[in-house]
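Below is one structure, written out as structure tokens, with a few remarks after it.
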Amino acid sequence: MLTFILSLISSVLSQVAVGGSNILIATMLLIFMIITSIIFDVIGVSVASCSACAVDETAVKNKGTLKVAKALISNAEKVNNFCADVIGDICGVMSGACGASIVAVLSDAFGTDAFLPSILVSAVIASVTVGGKAFCKRIAVRNSRNIVLFTAARLNALIKIFKRKRL
């Protein structure tokens, strides 16, 4: 259900953002979506490959960060699913919308049908996304502890911000 809602919201936002926009905005949003997809894939792989013993009290001075890191690791399958699948799929949908916008602009600019631009843009999006994820998986596994701790520190900071706003 969460995937459906997030995908629906992101699809609407991407259509509004790139619908009728210029190629620069669509390209910038496309690059942002690809990078976001790769980053979340790295987080998912890092959490899945990090052992609980790699994150201990001596590694982290902040107890909140340690608690979040241990929670991430103990829920590794859910974190990996959310990061790699949910966020990755949403970014894929938005990348497709951006690609369609870029194809429309290219077709209009060159006075051609959308067949060739569509194939080229789709191939570039797929190869950059898949290639970026493949390249970063090795980094994610080798540096899983540092990536998990970095992610946990950022999540802990967000948790503190939301707790302050509720009070």
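Taking label points 7 Å from Cα along the Cα-to-Cβ direction, Lys63 and Ala126 give a separation of 5.2 nm. Using Cβ point charges alone (K and R +1, D and E -1), the dipole size of the chain about the Cα centre works out to roughly 1200 debye.
Within straight-line reach of Lys61, meaning a Cα separation under 23 Å, sit the following lysines at least 8 residues removed in sequence or on another chain: Lys70, Lys160, Lys163. Helix content alone sets the calculated 222 nm mean residue ellipticity of the chain: runs of n ≥ 4 DSSP H residues at -39500 (n - 2.57) each, divided across all residues, give -27500 deg cm²/dmol.
Considering only Ile73, Ile119, Ile34, the mean-square fluctuation computed in a Gaussian network model of the chain, springs between alpha carbons under 10 angstrom, is largest for Ile119. Put Lys78, Lys61, Lys165 in order of accessible area, highest first, and with a 1.4 Å probe you get Lys61, Lys165, Lys78.
Solvent exposure of the chain, expressed per residue, is 60 Å² of accessible area, with all protein chains present and a 1.4 angstrom probe. Here the spin labels are modelled as points 7 Å beyond Cα on the Cα-Cβ line, and at Asn22 and Asn146 they lie 3.9 nm apart.
To the nearest ten degrees, helix 144-166 and the longest principal axis of the Cα atoms of the chain are 90 degrees apart.
Taken over the chain, the alpha-carbon convex hull comes to 129 cubic angstrom per residue. Dipole orientation for the chain: of the candidates Ala76, Thr3, Ala109, Ala76 has the Cα lying most toward the positive pole (charges on Cβ; Lys, Arg +1; Asp, Glu -1).
The values are calculated or read from the model by the stated rules, or taken from the named source; none is laboratory data. Everything numeric in this text was worked out from a predicted model, so none of it was measured. Every residue, glycine as well, gets a Cβ built from its backbone with ideal geometry; the counts of neighbours run over all protein chains shown. To get the accessible areas, we keep the full protein, side chains included, count just its heavy atoms, and leave off ligands, DNA and RNA. Shrake-Rupley method; radii C 1.70, N 1.55, O 1.52, S 1.80 Å.
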